[in-house]
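S.K.: Quick one: this structure, given as structure tokens, is what I'll be asking you about.
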Amino acid sequence: MIQAFALLLTFQLTGETLRVALHLPVPGPVLGMALLLVWLVVRGGPGDDLRHTSGTLLQHLSLMFVPAGTGVMLHVGRLADEAWPIAIALVVSTVLGLAATGLTLHVLTRQGREASR
């Protein structure tokens, strides 16, 4: 489990290093996750250790919301002052996410039907 956790942290650190070195506007963990995806595709999927460690982390995912909840409580005044821009951003991003998901599903199901013919 320690090796798999170290692997995950290595990809996160690599992503953060690339973000800082290249002055990218993307969060380092997102870059690390993309690099991990590429590595997993090249390798042919995760090993048993990585699968087990990832499953364990996902079981305790609710703990990851504690810092976010604390931040909301500390900055509730600022959130109230900027409620309209936040609400608009949430609605627009939700609609765009749903549209992207729907279009992806539509394209993939059409390709699946064409491949089965």
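S.K.: In region 40-117, if the dipole is taken from +1 on Lys/Arg beta carbons and -1 on Asp/Glu beta carbons about the Cα centre, which of VAL95, LEU61, GLY77 is farthest to the positive end?
M.R.: Looking along the dipole axis, the top candidate is VAL95.
S.K.: I'd like the accessible area for HIS106: 1.4 Å probe, protein heavy atoms, all chains in place, Å² to the nearest 10.
M.R.: About 100 Å², ignoring ligands and nucleic acids.
S.K.: Could you give the accessible area per residue of the chain, probe 1.4 Å, as a whole number in Å²?
M.R.: I get 81 Å² per residue for this part.
S.K.: Tell me the carbon and sulfur percent of the accessible area for the chain, rounded to whole percent, probe radius 1.4 Å.
M.R.: That fraction is 72 percent.
S.K.: Given the -39500 (n - 2.57) contribution per DSSP H run of 4+ residues, what per-residue ellipticity at 222 nm results for the chain, rounded to the nearest 500 deg cm²/dmol?
M.R.: That comes out to -28000 deg cm²/dmol.
S.K.: Based only on Cα atoms, what Rg/Rh ratio does the chain have, Rh being taken as Kirkwood's radius? The partial results should precede the final answer.
M.R.: Working: Rg = 19.1 Å, Rh = 18.0 Å.
Reported Rg/Rh (Cα atoms, Kirkwood Rh): 1.06.
S.K.: So, one more: Lys and Arg at +1, Asp and Glu at -1: add these up for the other residues within a Cβ distance under 14 Å of ALA34 and post the number.
M.R.: Net charge in that neighbourhood comes out at 0.
The values are calculated or read from the model by the stated rules, or taken from the named source; none is laboratory data. Model, not experiment: these values are computed from the prediction. Methodologically, a virtual Cβ is constructed for each residue, glycine included, from the backbone with ideal geometry; neighbour enumeration extends over all protein chains shown. For the accessible areas, the whole protein counts, side chains as well, though only heavy atoms, and no ligand, DNA or RNA atoms are used. Shrake-Rupley method; radii C 1.70, N 1.55, O 1.52, S 1.80 Å.
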